[in-house]
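What follows is one structure encoded as structure tokens, with my remarks underneath.
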Amino acid sequence: MSYTSTIIVTGGTSGLGYNASLILAQQNPDSLIIVSSRKDSPTSASSINKTLNQKNAVFVPLDLANLSNIRAFASTFSQNKYPPIKALLLNAALQFPEGLHFTDDGIEKTFGITHVGHALLYHLLTPHFADNARVVITASGTHDPAQKTGLPDAVYISAEMLAHPTGEWATMKNGLQRYATSKLTNILWTYALHRHLENSNSASNSAQSPSKKITINAMDPGLMPGTSLVRDWKIFSYIPNFVWFTIIPLLIPLARKLVNPNIHSPKESGAALAKLATGSEFEGVSGKYFEGNREIESSVDSYKVEFQEDLWRWTVENVSNGEEERAKFDIGR
């Protein structure tokens, strides 16, 4: 079958990403759905195809902790001449509760996967975007101290400090603070990219050379019992898999009433993520933060332009290869 467009979901082989991919494949049978992660878990694309009796889902491996692998992914996309990208869902993330971990490129791994890898992927795939393409980043309410999620408060010092921690930030034992901060960078980058796209479009219009319109938004899927995001927490080594993945999700309706209304199943949050990616009601909406499909305010720090621009500058300078690529990435200056 000849497809008219492509939808890419990072971390699309399990949990939230898998459920969003399943819904997107069902609702967009004329689109190629690329589910990607470091490894398949297990045969996610074939499972989607079998469930829907379709053939529009494919698995393409992607290691966001390796910049060369991300470049290879983008090169494969180009060489295979896949149809234009109408939605890019930057969904993958990992938590490392204890210790300090680094990517193959020497970047702290939580920040490297959650932000750096995704940012490079976006920049490399931009030439393949369709007009009015949408980018949706899976963020988290854990970035906002005001939400009192139970995680340590996000602390943004600089992108360089996140990438190559020194001093107290290097010796910090609680990796969950790194996770909360990485989710803050997701939103900082959402706002920075939106602003740079707006500036770029204004410059293009004044030069009578219109550029592609791209929207970018961030979404908090809420707490989702039954996903593998917390698989490295020590406490979960004592909980049988069937309890976490099967029994606890059954308690979500009760937990939503007694604990926090922002608790959802991966299927519920997957539907919300899919709607942001392709729903007609979000066409043209950009630079926003959502809790599910409800627009809300993000944290105080997320609106600090100096943080946004520090992250933007560091990212462009450190994910690009040489001056020519850096100039292409650094749009809307």
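The values are calculated or read from the model by the stated rules, or taken from the named source; none is laboratory data. This is a predicted model, so every value here is computed, not measured. Neighbour counts run over all protein chains shown; Cβ positions are idealised from the backbone, glycine included. The area values use the complete protein model at the heavy-atom level, side chains included, leaving out ligands, DNA and RNA. Shrake-Rupley method; radii C 1.70, N 1.55, O 1.52, S 1.80 Å.
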*asked:* From the mean inverse distance of alpha carbon pairs (Kirkwood) and the Cα radius of gyration, derive Rg over Rh for region 1-62.
replied: 0.92
*Indicate the gyration tensor shape class of region 262-326 (rounded, prolate or oblate), computed on the Cα atoms with a ≥ b ≥ c the square roots of the eigenvalues: a/c under 1.5 is rounded; otherwise a/b larger than b/c is prolate and the rest oblate.*
prolate
*Can you give me the three principal axis dimensions of region 8-119 from its C-alpha atoms, in Å, biggest first?*
44, 30, 20
*Sort 168, 160, 309 from largest to smallest accessible area, using a 1.4 Å probe on the heavy atoms of the protein chains.*
168, 160, 309
*Run through every distinct alpha carbon pair of region 155-200 and return the Kirkwood hydrodynamic radius in angstroms, one decimal place.*
11.7 Å
_Quick check for me: using +1 on Lys/Arg Cβ and -1 on Asp/Glu Cβ, what's the dipole size of region 33-175 about its Cα centre, in debye to the nearest 20?_
720 debye
*Under 16 Å from a point 7 Å along the Cα-to-Cβ line of residue 155: which residues of region 299-324 have their amide N that close?*
301
_Length added when fully stretched, residue 195-residue 328, from 0.36 nm per residue minus Cα-Cα_ = 46.3 nm
_Separation between Cα centres of region 126-174 and region 1-33, rounded to whole Å_ = 25 Å
*Over all directions, what mean area does the Cα convex hull of region 53-207 project, stated in square nanometres?*
11.9 nm²
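Going down the list 39/275; 109/183; 86/275; 148/183; 183/328; 183/304, which pairs span over 19 Å between their C-alpha atoms?
The answer is 39/275; 183/328.
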